[in-house]
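For reference, the structure discussed in these notes is given below.
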Amino acid sequence: MTHAAAPLDIRTADPKKLIAGATGDWEIICGLEVHAQVTSQSKLFSGASTGFGAEANSHVSLVDAAMPGMLPVLNEECVRQAVRTGLGLKAEINKRSTFDRKNYFYPDLPQGYQISQFKSPIVGEGEVVVDVTPSEQIKVRIERLHLEQDAGKSLHDQSPTLSFVDLNRSGVALMEIVSKPDIRSADEARAYVTKLRSIMRYLGTCDGNMEEGSLRADVNVSVRKPGGALGTRCEIKNVNSIRFIGQAIDAEARRQIAILEDGGAIVQETRLFDPARGETRAMRSKEEAHDYRYFPDPDLLPLEFDDAFIAALRDKLPELPDAKKARFMADYGLTSYDAGVLVAEREAADYFEAVARGRDGKLAANWVINELFGRLNKEGLDIVHAPVSAASLGAIIDLIGSGAISGKIAKDLFEIVWTEGGDPAKIVAERGLQQVTDTGAISAAVDAIIAANPDKVAQAQAKPTMLGWFVGQVMKQTGGKANPQSVNELLKQKLGI
Amino acid sequence: MAKLDLNNLTLAGARDSLRARDYSAQELTEAHLEAMEKARALNAFIVETPEQARAMAKAADARLAKGEAGPLEGIPLGIKDLYCTQGVATTAGSHILEGFVPQYESTVSSQLWRDGAVMLGKLNLDEFAMGSSNETSHFGAVTSPWRRQGSNVALVPGGSSGGSAAAVAARLCLGATATDTGGSIRQPAAFTGTVGIKPTYGRCSRWGIVAFASSLDQAGPIARNVRDTAILLRSMAGFDPKDSTSVDRPVPDYEAALGSSIKGKTIGIPKEYRVDGMSPDIEALWQQGIAWLRAAGANIVDITLPHTAHALPAYYIVAPAEASSNLARYDGVRYGLREQGRDIVDMYEKTRAAGFGKEVRRRIMIGTYVLSAGYYDAYYLRAQKIRTLIKRDFEQAFAAGVDAILTPATPSAAFGIGEKSDADPIEMYLNDVFTVTVNMAGLPGLVVPAGLSAEGLPLGLQLIGRPFEEETLFTLAQVIEEAAPKVGLPEAWWG
Amino acid sequence: MSVDQATVRRIARLARLSLSEADVAPLQGELNAILKFVEALESVDVDGIEPMTSVMPMKLRLRADVVNDGENVAGVTKNAPQSEDGFFLVPKVVE
């Protein structure tokens, strides 16, 4: 998509985001075309499975293989998914859209054309709010979202002279989400794609699984002097991870700046990102200018639906990340940062809410973000596979709240539940982890330690900060179960400080 | 019963006598297989399928014996080789599909087998149905069973369904499937003295029929009289969820509509169909047709279809444009011909240049050009707007009370093989001047033989109907069929 | 409008049809004859006319999202000029 027209430029240059060159600062202008695989059982125009990782050409119908006389029939769920996504992007839904053929020859494009929506897409302009950092939000405008067919896969490393073609992906539904050129840095691009993925996962319209190719992006990059005329852009095709999207933008911007500062000119072209080298290179198969000869697919009719169809989908939309974040801040008193972290994934947000419901929200957020997320990260686990359920974590928090266990013991208890499982309250009872609040018992321990350490007593009386050492000793003696507040009070009293 | 008789039946007659067990489906099939063998000089079939035919006839006899006969039980038919037939080579008349054996059966042909019909083989056609003479087939031209009086010059049967029309006229089958994108059923029917109908767009499924121009292609039958054609269409028509352009509405019993009165029906006569260079025979025939319908009680009114003249040029933008895209799948990767190349592009280019014949390449070129950057609006978009105007012309006539429109079918009778110059494609394209409007507007059109030219060749009249009113066309056509002097069938000079 | 020989070559390339030098001039003539034939359309007033999108007035039908096709590697590759292990084989593609 073009981003050459000046009125499209809605942002002024942010000095923090500029790239320093030999001739001064440069600003990156970037727009993305994200290709998101629609979550559906069967393909956009055929009844073959969309399942990943099958034997070559097994998820292929006669339609997908473009056998003579085969015809496309549109999958209703893919239409609903596109509309849901459009609603999630606060975009205009087009009640009439058309399917066009994009004609070109390629071995993994069996029909010799891709069925796409060129002239009248199903979704029009929308907007995504992106948190670049906890304190910086930008808006990225969506130009359009359209439905199209994915191509097959060619393997080039099986033989020196042949490519192997597998059409399993051929005809799988994609949503192409085209942004306006509102992105100004690699960080912004990463945050934008992360947000898109989050929205689509909430909606259940795309699983966002980059390893399986469910989310790829074509990245349009140009550079200019801040506020100056837009430069010539290059399109980096098919970048398949969020990390690589960032790297590709930086590499391409540096390449363009070097050329421009050398007095050269940027050639508008299609490029590929090579992650191993960290650089982009021109595609070799660009030997001719593309002329896709778009025209309405005569095998299909215009796609039309009414307001009721849209309303029915709108009514069933889940709460999306932005709304959830606002609610978490309002209802649970969370900081913007904590709320942002918690809503990034729907499962995490659900987990948090299950923990926080009827409890101290901030405490719940701390536990989920610090203990749970920390532990999950360490183990490389997904939240849905967390060994400590939300109910168990809630129970642990309740045990702290009731004074049954101390914060420190709670962490031990969390570890026990994580590794061994079990009901937290029962574990506390069975293993005698209850906090000791009986001053008699604490008093005895304090007395014993004072008696055994006369030198430390003298030091503490001279330097009250030594109190901490005594607290530690008492806690050790009581197996960590003594109520720290009682220990403090008794020590101060008995040491006379 | 003598075998000769079994080759001279009507479909309806054969159907009834098979049920009466006057002869068996196997006997009927053998008689046709024998006739096909003797008629190989006509080159009507690309593939003969005697084994399938015998097996199907045997199964038909079993069902007939059990009283479980379908509407077409035991009826031997030919299938235009544009229909994909499971396990039987399907070529579309092209070198590029040589050796291709579909793993599926087209919806329309499967409905014929469902109803008990017997497949004799695959009928010759212009390559990818692009032609009006059957001369563009990779498998050679079809020779018409008709000859000019006192001449043995080989004539074309018309096209693209030339094999279908020739086989039906030569009594090699009781009926045949055909397809019509710009006149490919009706023009060969007119040239061979047979009846052919292009139904309303969406009436027959396109699934499994090799696509030429998707928005224009329709399947339909060719048979030796109106009743037989009506019987065949009933089996061929019907909703197919696998074709997004198939229309979901019940299929009437077309045969049952025959014989109803046409009194009070309003027949429009469009003045724009009186074209320069039309033969006097055709003009006379048209007037004769008007008189027959009037005599049967129809109201004759003059109408105007002002955009008629633009239909053929617009067709030669829309059809090649769609074809250029539809034929992109023939790339040497998944089926059909592959010519070795230095690299993938070279393989594509060599395969497609070797696999497609001259006319097909020409149309791909034109279609590619009119869709290419900078020309789309001037050509394709404009042509589709003109199509809207053409359709509107008809809608206005129908809204004014016209029930059907009577026109000539072709500007002339059949011409000789090789007679039309290859260097000027337009000369050949003009054959479709009366038929192409119907495809552009999606309407049903039927051609019925109505007389002979001065040279003794069949001439046809065309009836154009409202959408999905094929019954009206059959009824009117039968009135003409009964009123017209018997056109008959050609002498079997071929053996 | 008419086409020159460079356009004939460009269009043949787009359509993936190899063209010998001897083919170019005759093809140019034929294409120009067709383009001349369709030139008459330029005079038609099409202002405000919608291009045809479907010749019969009907709504696009949608199908239910169920897997009921595929799992037919042998059938899909049966007609392939060259295939191996269920893959279609083509001359090496360089990206």
Problem - Other-chain or far-sequence residues with amide H under 5 Å of A:Ile183's (modelled H) - result: A:Cys30
Practice task
Would you please give the residues with an amide H less than 5 Å from that of A:Asp274, counting only those at least 5 places away or on a separate chain, with H modeled from the backbone geometry?
Solution key: A:Glu279, A:Thr280, A:Arg281
Completion exercise
The lysines whose Cα lies under 24 Å from the Cα of B:Lys122, excluding any fewer than 8 residues away in the same chain, are B:Lys3, B:Lys38, B:Lys58, B:Lys80, B:Lys198, B:Lys242, B:Lys358, C:Lys78
Handout entry: Sites C:Ala25 and B:Ala454 - FRET efficiency at Förster radius 41 Å, r taken between beta-carbons, to 0.05
Key = 0.50
Practice task
Distance between Cα centroids, the stretch B:1-59 to the stretch B:408-486: provide it in whole Å.
Solution key: 28 Å
Exercise for the section: Order by neighbour count: B:Val168, A:Val474, B:Val195, fewest other Cβ atoms within 10 Å first, most last. Expected result: A:Val474, B:Val195, B:Val168
Handout entry: Shielding by other protein chains, A:92-100, mean Cβ within 10 Å
Key = 1
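If you rank B:Phe434, B:Phe394 by fewest surrounding Cβ atoms within 10 Å, what's the result?
Fewest-to-most Cβ neighbours within 10 Å comes out as B:Phe394, B:Phe434.
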Practice task
Quick one: what are the phi-derived ³J(HN,Hα) couplings along the stretch B:66-75, Karplus 6.51/-1.76/1.60 with θ = phi - 60°, whole Hz, x for glycine and proline?
Solution key: 7, x, 10, 5, x, x, 10, 4, x, 7
Exercise for the section: Could you work out the local net charge near A:Gly358, counting Lys and Arg as +1, Asp and Glu as -1, over the other residues with Cβ closer than 15 Å to its Cβ? Expected result: -1
Problem - Degrees, to the nearest 10: A:321-332 long Cα axis against longest axis of chain A - result: 20 degrees
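Among B:Ile417, C:Ile34, rank each residue by its count of other Cβ atoms within 10 Å, from fewest to most, as a rough exposure measure.
B:Ile417, C:Ile34
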Handout entry: Residue-span extension gain [B:Ser279 to B:Glu419] - 0.36 nm each, minus C-alpha spacing
Key = 48.7 nm
Problem - Cα-based reach from A:Lys325 at 18 Å (exclusive), listing lysines while leaving out same-chain residues under 8 positions away - result: A:Lys90, A:Lys139, A:Lys195, A:Lys362
Practice task
Kindly write out, for the stretch C:60-75 in residue order, the coupling ³J(HN,Hα) from the Karplus curve 6.51 cos²θ - 1.76 cosθ + 1.60 (θ = phi - 60°), rounded to whole Hz, with x marking Gly and Pro.
Solution key: 5, 7, 10, 9, 5, 7, 10, 8, 9, 8, x, 6, 8, 4, 4, x
Exercise for the section: Report the net charge of residues surrounding B:Leu476, where surrounding means a beta-carbon distance below 13 angstrom and charges are Lys +1, Arg +1, Asp -1, Glu -1. Expected result: -2
Problem - Net charge over other residues, Cβ less than 12 angstrom from the Cβ of A:Asn168 (K, R count +1; D, E count -1) - result: -4
Practice task
Can you tell me which of B:95-104, C:13-22 comes out highest on packing, and rank the rest after it, using the mean Cβ neighbours within 10 Å?
Solution key: B:95-104, C:13-22
Handout entry: Between the stretch A:108-161 and the stretch A:313-334, the alpha-carbon center distance in angstrom
Key = 27 Å
Completion exercise
Karplus-derived 3J(HN,Hα) from phi for the stretch B:344-353 (6.51 cos²θ - 1.76 cosθ + 1.60, θ = phi - 60°), whole Hz, x at Gly and Pro, runs 5, 5, 5, 4, 4, 5, 6, 4, 6, 5
Exercise for the section: Amide H neighbours of B:Thr266 under 5 Å, at least 5 residues apart or on other chains, H built in the peptide plane: list them. Expected result: B:Asn299, B:Asp403, B:Ala404
Exercise for the section: Using only atoms on other chains, find how many Cβ atoms lie within 10 Å of each Cβ of peptide A:34-42 and report the average. Expected result: 2
Handout entry: Length added when fully stretched, B:Arg294-B:Ala492, from 0.36 nm per residue minus Cα-Cα
Key = 67.7 nm
Problem - Packing rank of C:42-49, B:156-163, B:144-151, where each peptide gets the mean count of other beta carbons within 10 Å, highest leading - result: B:156-163, B:144-151, C:42-49
Exercise for the section: Rounded to the nearest 500, what is the 222 nm mean residue ellipticity of the protein assembly as shown from helices alone, with -39500 (n - 2.57) per DSSP H run of 4+ residues and division by all residues? Expected result: -11000 deg cm²/dmol
Problem - Shielding score for B:373-380, defined as the mean number of other chain Cβ atoms within 10 Å - result: 4
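Scan the stretch B:15-95 for GluC sites (Glu not before Pro) in coil per DSSP, keeping those whose Cβ has at most 12 other Cβ atoms within 10 Å, and list them by number.
Details: sites: B:Glu27, B:Glu30, B:Glu34, B:Glu37, B:Glu48, B:Glu51, B:Glu68, B:Glu73; in loops: B:Glu68, B:Glu73.
In loop regions of the stretch B:15-95 (DSSP not H, G, I, E or B), the sparsely surrounded GluC sites (Glu not before Pro) are B:Glu68.
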Practice task
Note down the nm distance, to one decimal, between modelled labels 7 Å out along Cα→Cβ at A:Asp14 and at A:Gln158.
Solution key: 4.6 nm
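Every read-out reported here was derived from the displayed coordinates using simple, explicitly stated rules and does not represent laboratory data. On a predicted model such as this, the values are computed, not experimentally measured, just so you know. FYI the Cβ positions are ideal-geometry reconstructions off the backbone, even for glycines, and counts take in every protein chain you see.
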